[in-house]
Amino acid sequence: MTRGQVAVFVTCVVDQLFPRVGIAMIEVLERLGYSVDFRERQTCCGQPAFNSGYRDEARRLARHFIDVFRDAEYIVIPSGSCTSMVTHHFAELLPDEPAVRELASRTWEFSRFLLEVTRVEDVGARYEGAVTYHDSCHALRELKIHDGPRRLLANVRGLELREMDAAAECCGFGGTFSVKFPDVSGAMARTKIDSILRTKADTVVSADCSCLMQLQGAMRRVGVGVRTMHLAEVLASR
Amino acid sequence: MSGAFIPVDRLRGTIADSRLQSAIYTATGRLIEKRASVVSPEALPDYQDLREQAHRVKRHTLENLDHYLEQLEANVAAHGGRIVWCDNGKEVADFVLGLARQRGANLIVKSKSMTTEEIDLNERLEHHHLEAVETDLGEYILQLAHEHPYHIVAPALHKTRHEVAELFSDRLGVQHDVVIENQTLTARRVLREKFLAAGIGITGANFLVADSGAVVIVENEGNARLTSSAPPIHIAIAGIEKLIPRAQDLAVFLKLLGRSATGQPLTVYTSFLSGPRRPGELDGPDEFYVVLLDNGRSKLLADAAKRESLSCIRCGACLNHCPVYRKIGGHNYPGTYSGPIGAIITPQYRGVMAHPWLPFASSLCGACAEVCPVKIDIPRLLLDLRSEVVRERSGIERVAFRAFAWLAAHPRVYSFVTAMAARFAPRGENGWLRRLPFFARFAALEKWLSQRELPVPARQSFRQYWRSRS
Amino acid sequence: MNREVMLQKVRTALGRKPGEAPGSPPPVYFSRTDRTVEQRIVAFTGALEALSGHVVRCYSREAARDTVNAMIAGKHAIASRSSFLHELQIAAEVPEAASYREACASAEFGITSADYALADTGTLVVLCGAEESRLVSLLPPKHIAVLTLSRLIDSLDDLLARVPRAADITSSMVLITGPSRTADIEQILVRGVHGPGEITVVLVDA
């Protein structure tokens, strides 16, 4: 039985730094009966350029993205920030192109795809551990993703979900913000780490790799041994 | 964009000051909780509708501001008051000085007003030997200490009781006392004399009501009521953007302001003042003036895309929720206004290039927009300002982004280049680097590494894995 | 001169002509609650007591008079020119106009009535005029307000629906919600900074 085809946009961070997240996402989708297509011409959605004020450069990448995924029925992305770039900000870069709005309707953040399109809350995963969930800012505030990942995690066998008090606070990544204002960014990460430690969880999970990169890098610097995992990796675990 | 413009040392200093960090984080944390409890769906079911209404009323008012200014003027005059039109701070000071001289007033009492901070009114008045006393407790403390407010709503949040005790014994000659209640009583006693002796009372205004010719002031202490009722002259100074069309619109704005600022459904006192005392009234000022200040607001008004910045009702919620403000505090922002609202209006008032780093001092988390009672889209405005900054200045960063954009629009080259980078990248420990090899000492990477370890490119990228699958 | 220049700056910024009519503002937005008198009393009492105010319910005018007189016995108390207070025979002097300020500044208790009370928030609404004034509820460190239940309405929305433009009748309408307070030093709450630190509302049946 096949549910149909899904095109994945893995994001440049996953492609180059954390490919295992892309691999995990594909495993989950294939297990659910989808045939997955990775269009090799994909690169970057343009968010770093857009957030740094370089609209022309971002527009170029937006056009490239539209072109690559022109006729994909579903585009699934393991990142809240890249998804919101496509669904919310492409329209600012290309206000007069109808293709943009139409593209937005086919583009899905991974957890929302599972819950709203596939309509599953239990993907048959198993992960033994105490997990705390970090809400990435774009996912939470632009895509209104909050309960969804928690429901998915609640159905993972052996997983104990613990809520941290600062779950909705920014991790401090913010793209180039992390290198333009490293002291502030680092201080923000350490506040999150304190909150994570208070839960005594052994794993912190998020739907965005850039947040995990920020948190993992900061935790390693201060010698905190909490593991970071992307939601897709947890859901792929058996 | 050159990093040389970022006040790195000052930011680092603030972050390293653990007492200050604790004070800021705790105070803002408390305000966050208080707000949350009174805008929850249980406490205020139509909170989102109220925000939308407030946004629309402000937008309509700003779009027709000249009309409402004229209406306000007519109604103020009808009730025996007078509008004073001031383009800038000097004109405000000249008016106040002129009036004080004419009436022989040497002592002025003031209640809290960010607008008067903006124009350094106290300094100007003191320069001409008028005593202008701040009567809001926090502002009074700051005045004695010769400091600027740290936060829109909690101006002295960075001061401890010990610092206040020192200040009071030093400047007021009272016994050194660290008990906060006693310190408050001291201030009450000293300031009461001032209220009753002052020749002029100067307040700000939270709202100017066009259909009533009225000034609305919200507060918790009672000093604004005293400032506007005890002296024979009341001057209310407000930016032109403070207008709302109808008294009945206060049903929306008063519901949002107290809750967003301090978690209070209503502040202790809300005064609705229109004109000097009327025949038959036993007290109240003999003269009533409303000073309308432009000071650059018409410039912001002209930019339709950013005009909504003027909708701000100065609640401070964006400051409280901003993870950056909660680390760097109010004194690290240039200009009068700090936090997210400061980051969007100061560049508009002074020109983006005055502080080109300011719009970038944000992770774009969106917490501010989520809590703004009038729905100002602060992240969108920050992004607009960022693109204005980079348009003014080109540097290595533009070259880098342009090169990356070219690369990413040419997938085969992209695949090749990234594969090469991964091949020659250092291995690190479990895929993480503690320090940079000599050939990779780029400033951006150094800055990353100053705070955390750096992930190295994966040996096999996802696209390489996918290739190998088929 | 400044007026014209400033208005013109605004008009230019907006692309509007002098005298150009504005579009219609969004319609006024009120929230509505509907409570019985008893529910209002409960809400008002709960709200004001949460702020450390006091509420006393008196079922007759005599009871109200006795309550207030007991509170102020032997203390320096002044009353506003409220005709209602006069009818109740509260034993407090009504200061002369000439010494009004000094009386307010030296009294321990200031006694007033109120035009309305808002149940939602525990708020008193006082409009200045022939009967009420500003300083009597502001200078003395203790404030007592006596009013009939007929004045107790639900909320600010109701007030604004009933009194759409207070400016037509008074130079000052003040909403008083509990005792004066500040948390400016270390966020520690202190009451009675400039305004009264104690407030008591006496609600009388008729």
Sorted largest first, the Cα spans of region A:4-117 on the principal axes come out in Å as 39, 30, 23
P(r) over all Cα-Cα pairs of the protein assembly as shown, 10 Å bins from 0 to the longest distance, whole percent per bin, short to long, reads 2, 11, 20, 22, 17, 13, 9, 4, 1, 0
Fewest-first ordering of A:M213, B:M353, A:M25 by Cβ atoms within 10 Å yields B:M353, A:M213, A:M25
Expressed to one decimal in nm², the mean projection of the alpha carbon convex hull of region C:32-204 is 10.5
Fraction of alpha-carbon pairs in region B:241-298 farther than 20 Å apart, rounded to whole percent, equals 50
Output field shielding_mean for B:408-414 (other chain Cβ, 10 Å radius) holds 6
Checked region B:400-469 against the a/c 1.5 cut and the a/b vs b/c comparison, axes a ≥ b ≥ c from its Cα gyration tensor; verdict oblate
Residue-normalised 222 nm signal for chain B, counting each DSSP H run of n ≥ 4 as -39,500 (n - 2.57), nearest 500 deg cm²/dmol, is -15000 deg cm²/dmol
When B:H60, C:H54 are arranged by how many other beta-carbons sit within 10 Å of their Cβ, fewest first, they go C:H54, B:H60
The size of the Cβ-based charge dipole (Lys, Arg +1; Asp, Glu -1) of the protein assembly as shown about the Cα centre, to the nearest 20 debye, is 3360
Restricted to chain C, the DSSP antiparallel beta bridge percent, nearest 5, is 30
If unit charges are put on Cβ atoms (+1 for Lys and Arg, -1 for Asp and Glu) and the dipole of the protein assembly as shown is taken about its Cα centre, the option from C:S171, C:F44, A:T83 lying farthest towards the positive end turns out to be A:T83
To the nearest 20 debye, region B:400-469 has a Cα-centred charge dipole, built from +1 on Lys and Arg Cβ and -1 on Asp and Glu Cβ, of 200
In whole µm²/s, the translational diffusion coefficient that Stokes-Einstein assigns to chain B, given a Kirkwood hydrodynamic radius over C-alpha pairs, 4 °C and 1.567 mPa s, equals 52
By the rule of another cysteine's Cβ lying under 4.7 Å, the cysteines of chain B that fail to get a partner are B:C86, B:C312, B:C315, B:C322, B:C372
Among B:F442, B:H67, B:G428, the residue whose Cα sits farthest towards the positive end of the charge dipole of the protein assembly as shown, when +1 is placed on the Cβ of each Lys and Arg and -1 on the Cβ of each Asp and Glu, is B:G428
If one compares the long axis through the Cα atoms of helix C:2-14 with the longest principal axis of the Cα atoms of chain C, the angle in degrees, nearest 10, works out at 70
Taking Cα pairs closer than 8 Å and at least 6 residues apart, the relative contact order of region B:79-149 in percent is 29
Dividing the mean separation of Cα pairs under 8 Å (6+ apart) by the residue count of chain B yields a relative contact order in percent of 18
Toy charge model, Lys and Arg Cβ at +1, Asp and Glu Cβ at -1: chain C dipole around Cα centroid in debye, rounded to 20, equals 740
For chain C the mean separation of alpha carbon contacts under 8 Å (6+ apart) over residue count, i.e. relative contact order in percent, is 25
Put in order of increasing Cβ neighbours within 10 Å, starting from the fewest, B:F438, A:F90 give B:F438, A:F90
CD proxy, 222 nm, chain C: helix-only mean residue ellipticity via -39,500 (n - 2.57) per DSSP H run with n ≥ 4, per residue, nearest 500, stands at -8500 deg cm²/dmol
With bins of 5 Å, the percent of all Cα-Cα pairs of region C:33-82 per bin from 0 is 4, 16, 17, 21, 23, 12, 5, 2, 0
Taking Cα atoms, the helix B:411-424 axis meets the longest principal axis of chain B at an angle in degrees (rounded to 10) of 80
Mean per-residue count of partner chain Cβ within 10 Å for B:248-256 equals 6
Nearest 10, in degrees from 0 to 90: the angle of helix B:250-262 to the longest Cα principal axis of chain B is 60
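Laboratory data are not the source of any read-out in this text; all were calculated from the coordinates shown. All figures in this text were calculated on a predicted structure; none of them were measured in a lab. Methodologically, a virtual Cβ is constructed for each residue, glycine included, from the backbone with ideal geometry; neighbour enumeration extends over all protein chains shown.
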